[in-house]
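The block underneath contains the structure these notes are about, expressed in structure tokens.
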Amino acid sequence: MWDAFGEHLGANRHRTAISAGEDQWTNGQLLEAAERSAASLDRLAVGEGVVVGLMLQNSPSFVSSFLALCKTGATIALISPKYGTVELSAIARVVRPRFYLTTTELAPKLQSCEPIAAIPMSLPPVGRENLQLLETPPQPSPAHLPAGTVLVKFSSGSTGEPKAIALTSNNLIAESENIANTLALNPDDHIYAPVPLSHSYGFDLGVLASLRSRARLTIDESFIPRRALATIMRERVSVFLGVPSMYRFFLDSTSSPPSNLRQVRYMLSCTAPLHPDAVQSFHRSFGVAICQHYGSSETGAVTTHVPERILDYPESVGRSMVGVRMSVVDADGKECAPDDPGEVMVRSAAVAAGYIMGEAPGPAVLRDGEFRTGDIGTLNREGFLHLMGRIDSMINVGGLKVSPLEVCRVLEHHAAVREAAVSGTRDVNGEEVVYA
């Protein structure tokens, strides 16, 4: 991992690597910070195979600490600073980090969840942050950590506890290459990520993509629409990582939208469906189309819309990323004909090695580099994917399978409806009906 993402930074030592507010770090500064932290961590017995929970806010120190842990050979568990007692206790009980790398401000939250002792040797400050390494009492390593695991991602689970997904170095390097090649990223690009770096979307398309391509990465801890628009224009951003609510705020926050967002090659939207009307409105107002993006913690990036084809298929989440094979299969596992609905299957070198906790009961969904997503969708003859919802959320109305997403879209076409949520419920006769 260090060979893939760290050592090559010195080739462009004086170019800006990462910025956050008034902080700007060059590649050389990022490399030096990572090497200093790695040396300190090594002295504190953080080494190969040791599980370390990385719990930091969006900041340059997140990237330098990730690189430092790569250099030590530790297994990194990406922990959201927003996690509460339930999530943190589950991670401590099952994933069992030996150490936590965090800030002095966040350390008390961790210490309140399990007995953790602060190591007396402090880490060198990184930028504006004081980092702290917390040590847990000796305990056995996770019994079911897949071989070669270097990173653990956490994703929402169905039980209230997060799913823990294990990835190898080959998974992460393949993911970074798939993104960099699909988006044609290079050192002249500028990625802007006002989304959490501890989550798969921000980590993969922000941190990994910038390290692989040496593109500049600008991060924000919070999203303020007018400030974000100013950053995009002033800093000549070429890739913006957004979510649907951000685009609604953009549309609502200005009466005279600027016309010079056209330099943005990819206005990406992920994590939730984006209504086609929003795609059309944004294009009319800002002169650039929003590229819907689809992926998961288990697969990494799967599809991204093709900018010049967005208005042809505004409801689609695009075509397969470079290095990704996607198919739609029926209940027997046979590939569906074009435009016929079925379960979306994903195969690539980026597909995770397995689960550490939170795997749903039933047949394995991760197997030999292939992931059964549980999403229902259709592929047209040109390879554009249209998502219809989750298998487990489809509503059975008298034998007819109804997609909640489709009902949402119909409702949201009404001028009086700003946003809709739809699920299935039972009527007085016990029959399933649509509830909006």
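The values are calculated or read from the model by the stated rules, or taken from the named source; none is laboratory data. Remember, predicted model here, so these are calculated numbers, not experimental data. When we count neighbours, we look across all protein chains shown, and the Cβ atoms used for this are built from the backbone with ideal geometry, even at glycine. The protein model used for the area step is the full one, side chains on, heavy atoms only, and it has no ligands, DNA or RNA in it. Shrake-Rupley method; radii C 1.70, N 1.55, O 1.52, S 1.80 Å.
Considering the range 390-410, the residues that are within 19 Å of Gly295 (Cα to Cα) and of a type in the set (A, V, I, L, M) include one that is surrounded by the fewest Cβ atoms within 10 Å (Cβ to Cβ), namely Ile391. A single member of Val50, Val46, Val86 is in contact with a strand residue (DSSP E or B) (Cβ under 8 Å, 6 or more places away or on another chain), open to solvent by 10 Å² or more (accessible area, probe 1.4 Å) and among the aliphatic types (A, V, I, L, M), and it is Val50.
If the condition is being in contact with a Cys (Cβ under 6 Å, 6 or more places away or on another chain) and either open to solvent by 20 Å² or more (accessible area, probe 1.4 Å) or assigned to a helix (DSSP H, G or I) (or both), then the range 255-304 contributes only Tyr266.
Within the range 5-32, the residues that satisfy the criterion of being open to solvent by 30 Å² or more (accessible area, probe 1.4 Å) and among the hydroxyl-bearing types (Ser, Thr, Tyr) are Thr16, Thr26.
Meeting the requirement of 1 or more residues that are touching a residue at least 12 places away in the same chain (Cβ under 8 Å), closer than 25 Å to Ser403 by Cβ and of a type outside the set (Lys, Arg), the strands (runs of 3 or more DSSP E) wholly within the range 313-366 are 324-329, 342-348.
What is the residue count in the range 208-253 for residues that are open to solvent by 50 Å² or more (accessible area, probe 1.4 Å) and of a type in the set (Gly, Ala, Ser)? Of the residues in the range 208-253, 1 are open to solvent by 50 Å² or more (accessible area, probe 1.4 Å) and of a type in the set (Gly, Ala, Ser).
Can you confirm whether the range 372-389 contains a residue that is buried (at least 17 other Cβ atoms within 10 Å of the Cβ), of a type outside the set (D, E, K, R) and within 30 Å of Arg93 (Cα to Cα)? Yes - at least one qualifying residue is present in the range 372-389.
Conditions (1) under 26 Å from the mean Cα position of the chain (by Cα); (2) under 23 Å from Ala215 (Cβ atoms); (3) not small (Gly, Ala, Ser), marked per residue:
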site	(1), (2), (3)
Arg13	no, yes, yes
Ala17	yes, yes, no
Glu22	yes, yes, yes
Thr26	yes, yes, yes
Arg36	no, no, yes
Asp42	no, no, yes
Ala45	no, no, no
Gly53	yes, no, no
Ser61	yes, yes, no
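In the range 411-436, of all residues being open to solvent by 100 Å² or more (accessible area, probe 1.4 Å) and more than 28 Å from Pro361 (Cβ to Cβ), the one that is nearest to the chain's Cα centre (by Cα) corresponds to Glu419.
The set of residues in the range 196-234 being in contact (Cβ under 8 Å) with a residue 60 or more places away in the chain and outside any helix (DSSP H, G or I) consists of Pro196, Leu197, Ser198, His199, Arg214, Arg216, Leu217, Thr218, Ile219, Asp220, Glu221.
The condition of being out of contact with any Leu (no Cβ under 7 Å at 6 or more places or on another chain) and over 30 Å from Val264 (Cβ atoms) holds for only one of Ala360, Ala349, that being Ala360.
Annotation note: of Gly377, Gly354, Gly389, Gly383, the sole residue that is among the small types (Gly, Ala, Ser), closer than 30 Å to Val306 by Cβ and touching a His at 6+ places or on another chain (Cβ under 9 Å) is Gly377. Of all residue pairs spaced 6 or more apart or on separate chains, those with beta-carbon atoms under 6 Å, a first member in the range 31-57 that is at negative phi and a second member that is polar (S, T, N, Q) and assigned to a strand (DSSP E or B) are Val51/Thr75; Met55/Thr102.
Restricting to the range 395-419, count the residues that are assigned to a loop (DSSP other than H, G, I, E, B), in contact (Cβ under 8 Å) with a residue 24 or more places away in the chain and within 17 Å of Ala272 (Cα to Cα). Within the range 395-419, residues that are assigned to a loop (DSSP other than H, G, I, E, B), in contact (Cβ under 8 Å) with a residue 24 or more places away in the chain and within 17 Å of Ala272 (Cα to Cα) number 1.
Of all residue pairs spaced 6 or more apart or on separate chains, those with beta-carbon atoms under 7 Å, a first member in the range 276-300 that is under 27 Å from Asn178 (Cα atoms) and a second member that is charged (D, E, K, R) and in a loop (DSSP other than H, G, I, E, B) are Pro276/Glu315.
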